[in-house]
Structures are given as C-alpha cells and as structure tokens.
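J.: Provided herewith is a single structure, encoded as structure tokens, for subsequent inquiry.
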Amino acid sequence: MLKNLWWPVEFSSNVVDRPLSLQALGQYFVLFRDSKGQVNCLSDLCVHRGGPLSEGWLTDDKDSIVCPYHGWQYGGDGQCTKIPAQPQRNIPTKARVDSYPVIEKYGYVWTFLGDLPEEERPPIPDIPELDDPQFKRVEGSYYWKVNYERALENGMDGSHAAFVHGSRFGNIKDPSVPDFDVTTTPWSGLSTIPLKAPPKNLGGLWGKLFKFKYKKEVGDGPVLTHVKAGYFLPNINVLYVPLPIGNMVLIDAHVPVDENHTRSMYIGLRDFIKAEWADKDTHKRIQDIFKQDDSVLKKQRPEILPYQLSDELHIRSDILQTTYRRRRNELLDQGWGIDMHQIVGDGPRDVAVVIPSPARKNNPELANAWVHKEVSSRAILGGSKVETATNAGGQTAYEIEES
Ligand code: FES
Ligand SMILES: [Fe+2]
C-alpha cells in the first residue's frame, strides 16, 4: 500500500464530535470533529501504554481527545496537553501521537497518510460531477474480503462486464471490446470503453429503458455504449454510464481495511428520476453489482496484485490496468510502498509501527520526539525491480505482439 497520497477513508457525514475508530491500510486511527468543525485524524494508539484513543471521549470544548486508560489528553495536532497523574510536572516532548492532515471534499474525508510537506503532496482528484447539483446522490459501503488493488483493477476492467454482469450491463452475446486508449496524468488514468448494451430482455428498470431504446432505434441489434472508466490514485474508480434517459456516474473509493479486507465507499450519481423512491433501487443495483464481482474476486489468486507484470498475462483490452500497475510500481520503486507485515500481523506483537506523519520530517526540533516507530518501505515482492519497458519481462503480451 502506498503512503504519501491523499486517501479518502470515510464519509464526511459519519464524522461528528465523538471519537470514530477507523482501520485503514492496516493501521488504527481515530477521527473526530472539533469545535471549529475541522476533522482530525490521529494514530489511535496512546504513547503511554498503547490505549485506544477511539474508546475515549472528547473534552468539553470538543478540541481534545481523552485516552480512556489514564486520561491523557491529546489535541488535534497529536500533542499531549494533559497528564492527569502528574499535573505539577512538565509534559515530555515525546508525549505526542502522529496527526495526519485532513481535507473534506466531495463528501469524503481525505487523510494525507505520509510525511511529505504540503507543497510536495499529490493532488486530490478533480471529479466535478460530485459537486454538481444537477445530480441526485446516494452513498453507501460494500465490505468484501479482497485486496483493495484487486477491487480497484476490477473497477476499470471493461471486458468482465459481459461475463460477470451480463444480466445487468455488458452483452454476453457480444463480449468483444474494440481497442481503446488511456489518457493519463501521474495520478490518474481514464478511458472511453466501447461496450455493448445489455440484451433487450434484461429485467428491471434500466432493462426496460434499454428495451425501449432497442425498439425505437435498432430493433434487436446491440447498442454500443461508450462508458468512461478509470482510476485516480490511490484507490478511486470512476465510471460514467450514458443511459437512454440520462447519465449515471459511479465513484468507488476502495479503502483497504488491511491487506485482505476492503470497504468500498461508493457514491452513485444520476441526473434522471431524482425522486427519493429511486434511491433504494440505485443502492440495490450497486450492491448487486458488487456481489457479482465478489463471487469471482474472493477466489482470485494471488490475493495481492503482483509486482512483476509478467506474473499475469495482459492483453490489449487490459490497457487501463497495465497503465495503473506501471505507475504504482514506479511509486513502490521510489519507496512509497509500506511494509504491511510491520503494521498488520497474524498475532500479538511487541512493537508499535505507524505510517509517518508530516511533523516527523518537517519539524527538526521534533526529530527524536516519537515513541512509535515509522513503518519501513515495502520490500518488492516477487523479485527486485527488474522490470522496465526495456525488457521482455516488463512487456505485455499485446506489446510483444505489436512490436
Ligand atoms: S494508555 Fe493512554 S493514558 Fe495511559
Ligand atoms: Fe464488475
């Protein structure tokens, strides 16, 4: 998993003036909204005896969190401000926990999990539809036992639609995917994927809509839909689906609880049938699509996305995923991958390791002020960084074919 990126980790509406426990990237955090309405994100591990701050409470002014074990108080900046057992003594410099920058945007809480100074941080993605009042919005979560990168790649995988979702979108009678390209930035990849609309006997509301379009325009022939799909690092999928009566947009933020569990926080937007009664139907459709994906992804092996491109076979229609893998490998190569084995373990451990927060690097006077250790960079699994575009191991099947 990657540090030094803005991770959407929670819906804004869920964070109030009470401690909220969060597990993300294997680590435990606590979120709370203070008296100014600002959301704070701290490491959920008191430096005294490892008490869980999220089991504590906020001070009356709502600006500090109280550890439930011996009552130490921490402000939103992670600095301990009160040690009740010895009020007459100075508070040690090391009495602080990591505090991670937070921004609220598009209804998500974004936490910067890493230690880069502000000016070097990658951007939060630009998804204007999420602020556009012409769209009706629903939000919800789907929890599954998959690695978040498997979920993320699945969300940009056009060619599985006909097979996994043939009853909903994609067309099993014509699963071919014409070639398409990817538009990239260092932090995103987007494609317009030509897909066939579902067979005309599809059930439900959308099926009826397509049936109507079939009759009117092409009789029994397949309707070509241009779906826009892609990713924003570290964990977001976007999917734009033009329907006969309007536009549907699906945003998924796949939050890694740990290496093998993901909470996909979805936002569904539609600019048609905006009445409340249709929200329930939208939730059900989104959840059903996740369930269809889940039935395959839960048995996908290896569970974690391979580092070596040559460990799986990529064809032309996988171009979005291979673009993603190359970019994530570059970030792993530059040391942004975190060693999950230090943060998450199978059993009890005797050392606390956390993702470093910006204060560790950017305040020289705090250089030695940390009790908990900083997580190491992930060792590259499956070999060293041998793969580049210049050797066959790093090429995809379609690149070899085309060269
Ligand atoms: S463990 Fe938190 S105050 Fe002692
Ligand atoms: Fe799917």
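The values are calculated or read from the model by the stated rules, or taken from the named source; none is laboratory data. Fair warning: this is a prediction, and the values are worked out from it, not measured in the lab. No Cβ is skipped: glycine too gets one built from the backbone with ideal geometry, and neighbour counts run over all protein chains shown.
J.: Scan (1) free of Cβ contacts under 8 Å to residues at least 40 places away in the same chain; (2) buried (at least 22 other Cβ atoms within 10 Å of the Cβ) for the single condition Leu320 breaks and write down its number.
T.: Here Leu320 meets the rest and fails (1).
J.: For region 63-82, what are the residues that are within 13 Å of ligand 1 (Cβ to nearest atom) and polar (S, T, N, Q)? Steps first, answer last, please.
T.: Just the residues of region 63-82 that are within 13 Å of ligand 1 (Cβ to nearest atom), to begin with: 64-74, 80-82.
Selection gives Ser64, Gln73, Thr81.
J.: Look at Trp110 and say whether it is in contact (Cβ under 8 Å) with a residue 12 or more places away in the chain, buried (at least 16 other Cβ atoms within 10 Å of the Cβ) and either among the acidic types (Asp, Glu) or more than 9 Å from ligand 1 (Cβ to nearest atom) (or both).
T.: Yes.
Residue-wise test of (1) small (Gly, Ala, Ser); (2) over 24 Å from the mean Cα position of the chain (by Cα); (3) more than 16 Å from ligand 2 (Cβ to nearest atom).
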position	(1), (2), (3)
Asp17	no, yes, yes
Gln27	no, no, yes
Ser35	yes, yes, yes
Asp44	no, no, yes
Pro52	no, yes, yes
Trp57	no, yes, yes
Trp72	no, yes, yes
Asp77	no, yes, yes
Asp98	no, no, yes
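J.: Which of the residues belonging to region 281-322 are of a type in the set (Lys, Arg) and within 17 Å of Ile251 (Cα to Cα)? Walk me through it before giving the result.
T.: Start the filter on region 281-322 by keeping residues that are of a type in the set (Lys, Arg), which leaves 284-285, 291, 298-299, 301, 316.
Passing the criteria: Lys284, Arg285, Lys291.
J.: I'm trying to understand the selection: among the residues of region 269-287, which are charged (D, E, K, R), closer than 14 Å to Ser141 by Cα and surrounded by 14 or more Cβ atoms within 10 Å (Cβ to Cβ)?
T.: Arg285
J.: Still on this structure, please answer the following. State all residues of region 236-253 that are within 14 Å of the chain's Cα centre (by Cα) and small (Gly, Ala, Ser); if no residue qualifies, say none.
T.: So the first thing to find is which residues in region 236-253 are within 14 Å of the chain's Cα centre (by Cα), and the list is 236-238, 250-253.
Listed by number, the list holds a single entry, Ala253.
J.: While we're on this one: Condition first: closer than 30 Å to Phe11 by Cβ, modelled with pLDDT of 80 or more and either more than 16 Å from ligand 1 (Cβ to nearest atom) or not in a helix (DSSP H, G or I) (or both). Can you find one or more residues in region 204-213 that meet it?
T.: no
J.: If you check Cys41 against the conditions, is it crowded, with 18+ Cβ neighbours inside 10 Å and more than 16 Å from ligand 1 (Cβ to nearest atom)? Break it down stepwise before answering.
T.: Numbers: crowded, with 18+ Cβ neighbours inside 10 Å: yes; more than 16 Å from ligand 1 (Cβ to nearest atom): yes.
So Cys41 passes the test.
J.: Taking region 153-163, which residues are more than 14 Å from Ile315 (Cβ to Cβ) and surrounded by fewer than 20 Cβ atoms within 10 Å (Cβ to Cβ)?
T.: Phe163
J.: Here's a follow-up. Residues in region 266-284: is at least one in contact (Cβ under 8 Å) with a residue 40 or more places away in the chain, away from ligand 2 (no atom under 16 Å from the Cβ) and closer than 30 Å to Val354 by Cβ?
T.: yes
J.: Now a separate question. Among the residues in region 97-117, are any more than 22 Å from Glu10 (Cβ to Cβ) and in a loop (DSSP other than H, G, I, E, B)? Walk me through how you get there before you give the answer.
T.: First pass over region 97-117, keeping only residues more than 22 Å from Glu10 (Cβ to Cβ): 117.
Filter again for in a loop (DSSP other than H, G, I, E, B), leaving 117.
Yes, region 97-117 contains a residue that is more than 22 Å from Glu10 (Cβ to Cβ) and in a loop (DSSP other than H, G, I, E, B).
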